[in-house]
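Here's the structure, in structure tokens; my notes come after.
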Amino acid sequence: MGSDFNLSNINKHLKELRKRRGYTLREVADRSGLSHSYISSLESGVHPKTKAPISPSPETLKGLAIAYNVEYEDLMKIATYIEESKKETAGAPSKSRLDLAIEQIEKDFNINITDDPDIMEALESYLRTLGKMKQR
């Protein structure tokens, strides 16, 4: 399935996630355990020296899913490692639970929190804490 990899979709998506969250490459590197230069290469879609296409492995996507607090399965679908169900492909791309919750909060309170990196960081920190409490 890796040969069907749609490079531009996953690369654009990763860059969009980082920009939307207001993270620097180094912040994503710290959160994911990847190097900032590798993340930059993934976002551009090409290896800086060889100019060959570069694609994230499933393990890399797992680290990025943690860094961005998105569903790992969603990244795997965008990278075409796994197929979406017909129900999902009929509509818009699936969103993470965090993105859906943020949309609802913005709608209910008529505010825009996605453009404020401090609010996004606080929200993600809160959700990580809740996740750790749930695992106990």
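Derivation of every value follows stated rules applied to the coordinates shown; laboratory data play no part. Please read all numbers here as calculations on a predicted model, not as lab measurements. Don't worry about glycine lacking a Cβ; one is built from the backbone with ideal geometry, like all the others, and counts go over all protein chains shown.
Shown for 118, 74, 99, 30: other C-beta atoms within 10 Å of each C-beta, ranked fewest to most, produce the order 118, 30, 99, 74. By the Kirkwood approach, averaging reciprocal distances over each pair of separate Cα atoms, the stretch 95-136 gets a hydrodynamic radius of 11.1 Å.
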